[in-house]
Amino acid sequence: MHQPDSEKVAVTLEQIGALSKLTGKPKKSEVAYEEALRIRRKLFGEKDLSVAAVLHEMGDLMDDIGEYDEAITCFSACLETRRLKLGESDPLVAQTLYSMGFTYHNKDENDDAIACFEEALTIRKDALGAESKEVGDTLNILGFLLAKTGLMDDALKNLWEAFRLRKDNNDLIKASDTLKNIGNVHREQRRYDESIECYNMCLDIRRGELGDQDEKCADAIIAIANCRSDLDDHEGAMIEYEEALSIRIGVHGANDIRVAQILMSMGTMEFKAGDASKAKNFLEEYIRVRKENKTMPPDADYVNVLFIVGNINKMQGHDSEARTCWSEAYEIFNRIGLAKENPEIAKVMDNLLKGGDGGSKIPGRVS
């Protein structure tokens, strides 16, 4: 028997939408939210705060599934109603601006994202207090985006204040995330010692809160390894990569894509260091994991690794194996549209497969 439209039905639908979103059923969530939205509009009108609340949830859902334009439409409608009903300085207005900022960031529209976060920051400082955890969260993402736009000094100012607030509010895992962001800025500035210091502080917090065998610990260790690689500290970097690899295999299993990412780093590092045999072992294991793992289609990284392994086989006198690797790399390279973006690399690959002298290595990375 069909139930008449009522607020009770709308609430139930919103609960179904939230649970479906949480359990990875976005289509069911979308249908439930849309029906709740229809009912609330019918009962209370377009500019009701309950309608705005559902629009906000719809915006978050659309962002999660990559429908960014639809997300912005939902957030904009929500924001208009919240400003109208609550005023410009209400925390719920800041909440919507904050979510909208992430969607603009996901669209690579960072100027619009920064504008949203800056407005949210002003509101949150006034409404919630300058020491609130919400201010810390906003400063963290704002610092991250300012770094992406090249404003490193402004980024660091925001990030260090975010770290202080997150630590003071006992959000220690979030504080560790901010330390990693600070380390990333220092790495971008080639201030490697300061970068490693931040990554180590991050790692100490994560070990204390989560234990030694957690993915977040592996993440921090990899950041340290990458810095050591930048410094040409081959031995130090390999020690860090090996520890991170052990954690990820223990946490996720040997065929996880995150395991493959470390194997690629280790293999390319050994190749640059001149140990072709070790490089080949790591990179062939990377290829095996990528083929076993069906969650990620072939990409530029996969093409690069195939090409390097082909080069190693050629150096070792295994011409047939080299051609097999190069052929697979070239086929994927063309199939996923990389040839148009990298014409010089396409020319080298084509020349190699035709038996010409393509050179001993690829001219730069496929991107």
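The values are calculated or read from the model by the stated rules, or taken from the named source; none is laboratory data. Only a predicted model underlies this, so the values are computations on that prediction, with no experimental measurement involved. Heads up, the Cβs are rebuilt from the backbone with ideal geometry, glycines too, and the neighbour counts pull from every protein chain shown. Accessible surface areas use protein heavy atoms only, side chains included; no ligands, DNA or RNA. Shrake-Rupley method; radii C 1.70, N 1.55, O 1.52, S 1.80 Å.
Considering only protein heavy atoms and a 1.4 Å probe, what is the carbon-and-sulfur percentage of the accessible area of the stretch 221-357? Mind showing how you got there, number by number?
On the way: 3270 of 6630 Å².
About 49 percent, which is the carbon plus sulfur part of the accessible surface.
From Cα coordinates alone, what are the radius of gyration and Dmax values for the stretch 1-135 in angstrom?
Cα only, the stretch 1-135: 15.4, 53 Å (Rg, Dmax).
Taking θ as phi - 60°, what are the ³J(HN,Hα) couplings along the stretch 130-138 by the Karplus curve (6.51, -1.76, 1.60), each to the nearest whole Hz, with x for Gly and Pro?
5, 9, 6, 5, 5, 5, x, 4, 5
Please compute the length gained on full extension between Asp168 and Ile336, using 0.36 nm multiplied by the number of residues separating them and subtracting their Cα-Cα distance. Walk me through the numbers before you get to the answer.
Details: separation 168, 0.36 × 168 = 60.48 nm, distance 4.75 nm.
Contour length minus the Cα-Cα distance gives 55.7 nm.
Hey, for a label at Thr12 modelled as a point 7 Å past Cα toward Cβ, could you say which residues of the stretch 19-41 have their backbone N under 19 Å away?
19-21, 28-41
Could you pull the Rg and Dmax for the chain, using just the Cα atoms, both in Å?
25.0, 77
What is the percent of Cα-Cα separations in the stretch 248-367 that go past 26 Å?
Details: 1190 of 7140 pairs.
Here the long-distance tail beyond 26 Å is 17 percent of all Cα pairs in the stretch 248-367.
Go through Glu197, Glu134 and list them by solvent-accessible area, largest first, probe radius 1.4 Å.
On the way: Glu197 110, Glu134 60 Å².
Most to least solvent-accessible, the answer reads Glu197, Glu134.
Determine the equivalent ellipsoid of the stretch 52-110 by diagonalising the alpha-carbon gyration tensor, then write out the semi-axes as square roots of 5 times the eigenvalues, largest first, rounded to whole Å. Write out the running numbers ahead of the final one.
Working: eigenvalues 74, 27, 12 Å².
Its equivalent ellipsoid spans semi-axes of 19, 12, 8 Å.
Less than 24 Å apart at the alpha-carbon level, and either on another chain or at least 8 residues along: which lysines does that give for Lys314?
Partners found: Lys272, Lys278, Lys280, Lys291, Lys347, Lys354, Lys361.
With every protein chain left in place, what is the accessible area of Ile308 in Å² (1.4 Å probe, nearest 10)?
Taking all protein chains as shown, Ile308 has close to 30 Å².
On average, how much accessible surface per residue is there in the chain, in Å², for a 1.4 Å probe, leaving out ligands, DNA and RNA?
Values: 18330 Å² over 367 residues.
It amounts to 50 Å² per residue over the chain.
What figure, in Å² to the nearest 10, do you get for the accessible area of Cys202 with a 1.4 Å probe and non-protein molecules left out?
We get 0 Å² for Cys202.
With θ set to phi - 60° and the Karplus curve 6.51 cos²θ - 1.76 cosθ + 1.60, what are the ³J(HN,Hα) couplings of the stretch 243-250 in order, to the nearest whole Hz, using x for Gly and Pro?
Karplus values, whole Hz, x for Gly and Pro: 5, 5, 4, 4, 5, 5, 5, x.
With all protein chains present, calculate the accessible area of Ile72 using a 1.4 Å probe and round the result to the nearest 10 Å².
Rounded to the nearest 10, that gives 20 Å².
Do any trypsin sites (Lys or Arg not before Pro) in the stretch 148-214 lie in a loop, going by DSSP, with at most 16 other beta-carbon atoms within 10 Å of their beta carbon, and if so which? Intermediate results must be reported in sequence, preceding the final value.
Values: sites: Lys148, Lys157, Arg164, Arg166, Lys167, Lys174, Lys180, Arg187, Arg190, Arg191, Arg206, Arg207; in loops: Arg190, Arg191.
Taking the stretch 148-214 and a limit of 16 other Cβ atoms within 10 Å, the loop trypsin sites (Lys or Arg not before Pro) found are Arg190, Arg191.
Can you show me the helix-derived [θ] at 222 nm for the chain, built from DSSP H runs with n ≥ 4 at -39,500 (n - 2.57) apiece and divided by the number of residues, rounded to the nearest 500.
Working: 18 runs with 291 residues, N = 367.
-26500 deg cm²/dmol, from helical runs alone.
So how tilted is helix 343-353 from the main axis of the chain? Cα-based, degrees 0 to 90, rounded to 10.
Helix 343-353 sits at roughly 40 degrees to that axis.
Fully extended, how many nm does the chain gain between Asp230 and Ala127 (0.36 nm per residue separation, minus their Cα-Cα distance)? Walk me through the intermediate numbers first.
On the way: separation 103, 0.36 × 103 = 37.08 nm, distance 4.38 nm.
Separation in residues times 0.36 nm, less the Cα-Cα distance, equals 32.7 nm.
Take the alpha carbon atoms of the stretch 176-224, find their radius of gyration, then divide it by 2.2 N^0.38 Å using N residues; give the quotient.
On the way: Rg = 10.1 Å, N = 49, 2.2 N^0.38 = 9.7 Å.
Normalised Rg, Cα atoms only: 1.04.
Taking N as the number of residues in the stretch 97-214, what is its Cα Rg relative to 2.2 N^0.38 Å?
Numbers: Rg = 14.2 Å, N = 118, 2.2 N^0.38 = 13.5 Å.
In units of the globular-protein estimate, the stretch 97-214 measures up at 1.06.
In the P(r) worked out for the stretch 140-196, what percent of Cα pairs fall beyond 19 Å?
Values: 333 of 1596 pairs.
That tail contains 21 percent of the Cα-Cα pairs.
Two decimals is fine: what is log10 I(q)/I(0) at q = 0.16, 0.22, 0.24 Å⁻¹ for the stretch 270-315, from a Debye sum with one equal scatterer on every Cα and no solvent?
-0.42, -0.73, -0.83
For Lys125, which lysines qualify as cross-link partners when the Cα separation must be under 25 Å and same-chain residues fewer than eight apart are set aside?
Of all the lysines, those that pass the test against Lys125 - Cα under 25 Å, at least 8 places apart if same chain - are Lys85, Lys133, Lys148, Lys157, Lys167, Lys174, Lys180.
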